[in-house]
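In what follows, a structure is listed as structure tokens, so that the remarks can point back to it.
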Amino acid sequence: MTSSDPSTPPQARSADSIRQLLALDAEHVWHPYGPMPGTVAPLLVEEAHGVRLRLADGRELVDGMSSWWSAIHGYRHPALDAALTEQAGRMSHVMFGGLTHEPAIRLATTLADITPGELRHVFLCDSGSVSVEVAIKMCLQYWRSLGRRGKSRLLTWRGGYHGDTFHPMSVCDPEGGMHALWRGVLPEQLFVPAPPAGFGAEPDRAYVEELVRTVERHADELAAVIVEPVVQGAGGMRFHNPEYLRVLREVTEACDVLLVFDEIATGFGRTGELFAAEHAGVCPDVLCVGKALTGGYLTMAAALCTPRVARGISAGEVPVLAHGPTFMGNPLAAAVANASVDLLADGSWRADVARIEAGLRTGLAPAAAVPGVVDVRVLGGIGVVQLDHQVDAAAATEALTARGVWLRPFRDLIYTMPPYVCDDTDVAAIAGAMVAAARVA
Ligand SMILES: *Cc1c(COP(=O)(O)O)cnc(C)c1O
């Protein structure tokens with residue numbers, strides 16, 4: 001029996017050892033969106049199993065974040081563990097230039113199969129941000145190849161998030177993305193207001209008109225429109241009516257502008273459809289996937305494009321896409337991604353996401369009556385409680401962990417995107433903890 005066997009009683013690390021590790025962490029380890037040295041001590045995780053994280057002090061927390069929305073099947077899933085081990089027994093990595101392998105071939109073929117429409121060509125990337133870089137490079141190069149260099153800007157709506165490297169940052173929400181700090185460095189893109197809120201809200205005619213007019217007016221300088229379909233994630237966890245995506249598809253087609261959907265957060269079932277584009281019944285020219293692609297095991301993302309985009313690039317003066325990360329197509333990541341996507345193949349995730357959606361609706365309803373709560377919204381496996389002020393993160397985290405739940409509130413939001421394997425009790429615990437956190441935050 002090993003210490004990672006779930007039947008072994010949890011062995012807590014000594015308080016001294018925890019203190020030492022966290023002191024070294026604060027001294028040397030830069031954490032996401034944090035200062036250096038760090039000011040808030042992170043929780044030390046020893047292992048994870050199913051939907052639970054086990055902390056070094058022996059506490060267990062239900063992970064309502066799915067490790068930043070990626071661990072959709074939970075931790076240590078036998079099929080994913082087996083795929084990884086089996087692949088490690090063959091090769092962990094080989095370069096992708098001049099060489100290829102079955103895990104990557106199978107993954108690209110499956111992605112081309114399961115994504116909407118004509119997205120037949122797949123560029124494997126190391127992370128979501130890199131896939132957005134590649135998607136943008138595809139679009140810019142497409143127009144250069146056709147001799148239309150003037151088409152080099154991007155249009156998006158406010159409230160978006162597309163990653164932390166520079167080109168993706170340029171299409172993030174200007175305020176959330178700190179564009180003022182980066183003036184003079186970031187390319188200046190075109191922004192329209194954020195889409196009116198509400199998945200089921202009536203489409204706003206004035207907004208539709210503004211979208212259409214802006215694309216038409218700037219068509220000569222626009223390479224592409226890039227948006228997160230249906231759910232804007234890290235930019236504010238906002239939902240919108242899929243009708244706006246149909247409008248974007250129509251006007252971009254009419255104006256000779258490419259359309260990019262960033263489904264890094266929404267892909268693989270999170271919103272109740274396998275891809276959020278399916279809510280609108282439209283297909284973009286370029287699609288980014290990431291996060292849940294490997295079931296949260298390893299870093300991998302992909303940019304997919306249509307034959308039109310690929311042919312355009314190949315017809316140019318420089319007929320190649322000059323991009324090739326060292327760890328491109330990593331066989332371990334591809335093997336575990338294949339196993340993760342296979343787990344979705346029988347469609348049982350639909351019932352799980354619907355069950356989680358129902359559980360969150362019921363469990364979060366009492367939050368609407370909490371003073372300071374301005375909105376409670378649920379879509380698929382996403383539950384959001386929005387306050388009228390910045391969340392007191394320390395108080396919220398304490399209330400959540402006291403109830404055995406891990407979440408990471410940000411700005412004015414307490415939200416969850418739990419693993420699809422969360423049972424009803426776990427979902428109720430997450431929702432109950434969110435209501436409690438809203439009371440103290
Ligand atoms: C997380 C995310 C990214 C960035 O992906 P990384 O793997 O963190 O680089 C880009 N777009 C969206 C919509 C995301 O949610």
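Key figures
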item: Residue within the range 171-194 that is touching a Cys at 6+ places or on another chain (Cβ under 8 Å) and within 13 Å of the ligand (Cβ to nearest atom) present; result: no
item: Tally of residues being open to solvent by less than 10 Å² (accessible area, probe 1.4 Å) and under 17 Å from the mean Cα position of the chain (by Cα) across the range 160-181; result: 6
item: Selected residue (criterion: nearest to the ligand (Cβ to nearest atom)) from residues of the range 134-158 that are part of a loop (DSSP other than H, G, I, E, B) and open to solvent by 30 Å² or more (accessible area, probe 1.4 Å); result: Arg158
item: Residues being within 25 Å of Arg59 (Cα to Cα), open to solvent by 70 Å² or more (accessible area, probe 1.4 Å) and β-branched (Val, Ile, Thr) - total across the range 353-399; result: 0
item: Qualifying residue in the range 123-131 (condition: touching a residue at least 60 places away in the same chain (Cβ under 8 Å), of a type in the set (Phe, Trp, Tyr) and out of contact with any strand residue (DSSP E or B) (no Cβ under 7 Å at 6 or more places or on another chain)); result: no
item: For Glu209: the one exception among (1) farther than 18 Å from Asp285 by Cβ; (2) buried (at least 16 other Cβ atoms within 10 Å of the Cβ); result: (2)
item: Residues being in a loop (DSSP other than H, G, I, E, B) and within 16 Å of the ligand (Cβ to nearest atom) - total across the range 275-294; result: 4
item: Leading residue by the ranking (least open to solvent (accessible area, probe 1.4 Å)) among those in the range 30-58 that are free of Cβ contacts under 8 Å to residues at least 40 places away in the same chain, within 19 Å of Arg408 (Cα to Cα) and of a type in the set (A, V, I, L, M); result: Leu55
item: Unmet requirement for Ala333, which otherwise passes all of (1) over 20 Å from the mean Cα position of the chain (by Cα); (2) within 30 Å of Ala108 (Cα to Cα); (3) surrounded by 14 or more Cβ atoms within 10 Å (Cβ to Cβ); result: (1)
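Okay, residues lined up against (1) buried (at least 24 other Cβ atoms within 10 Å of the Cβ); (2) touching a Phe, Trp or Tyr at 6+ places or on another chain (Cβ under 9 Å); (3) in the same structural domain as Gly324 (by TED's automatic domain parsing); (4) among the aromatic types (Phe, Trp, Tyr):
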residue: Pro242; (1), (2), (3), (4): no, yes, yes, no
residue: Arg249; (1), (2), (3), (4): no, no, yes, no
residue: Ala254; (1), (2), (3), (4): no, no, yes, no
residue: Val257; (1), (2), (3), (4): yes, no, yes, no
residue: Val260; (1), (2), (3), (4): yes, no, yes, no
residue: Glu263; (1), (2), (3), (4): yes, yes, yes, no
residue: Glu278; (1), (2), (3), (4): no, no, yes, no
residue: Val282; (1), (2), (3), (4): no, yes, yes, no
residue: Leu304; (1), (2), (3), (4): yes, yes, yes, no
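The values are calculated or read from the model by the stated rules, or taken from the named source; none is laboratory data. Just so we're clear, the structure is a prediction, and the values are computed from it rather than from any experiment. Methodologically, a virtual Cβ is constructed for each residue, glycine included, from the backbone with ideal geometry; neighbour enumeration extends over all protein chains shown. Heads up: the accessible areas ignore ligands, DNA and RNA and are worked out on the full protein's heavy atoms, side chains in. Shrake-Rupley method; radii C 1.70, N 1.55, O 1.52, S 1.80 Å.
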